[in-house]
Amino acid sequence: MKTGDLVLVQPSADSIQTSTDWWMGWIVRRTVGADVNSGQTLYEVADVDSGEVRSVNSELVTRLVLTGMEANKVVPLVRL
């Protein structure tokens with residue numbers, strides 16, 4: 001995942017599959033000091049509904065690929 005990706009975030013690693021607390025956001029940046037080798041990478045993700053920026057573990061994030069979406073025509077809520 002990289003800055004600018006649209007992602008779906010689950011509420012926690014142990015949440016049940018039927019939870020409705022999932023949310024969508026834009027990756028703002030990878031958190032400084034996040035260790036790629038440990039598998040515990042953290043990202044700052046801006047919630048698409050509120051604009052709130054949250055720190056999210058990479059294990060809770062699913063990258064969304066929208067067929068037909070042109071990257072140069074997407075306007076994220078945050079300045080990249």
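The values are calculated or read from the model by the stated rules, or taken from the named source; none is laboratory data. Just so it is clear, the model here is predicted, and its values are computed rather than measured. Counting neighbours? That spans all protein chains shown, and the Cβs are built from the backbone with ideal geometry, glycine included.
Annotations for the structure displayed:
- Taking the numbered list (1) of a type outside the set (Asp, Glu); (2) modelled with pLDDT of 70 or more; (3) surrounded by 10 or more Cβ atoms within 10 Å (Cβ to Cβ) in turn, Val74 passes all entries but (2).
- Residues of segment 20-67 that are modelled with pLDDT under 65, out of contact with any strand residue (DSSP E or B) (no Cβ under 6 Å at 6 or more places or on another chain) and among the small types (Gly, Ala, Ser): Gly33, Ser38, Gly39.
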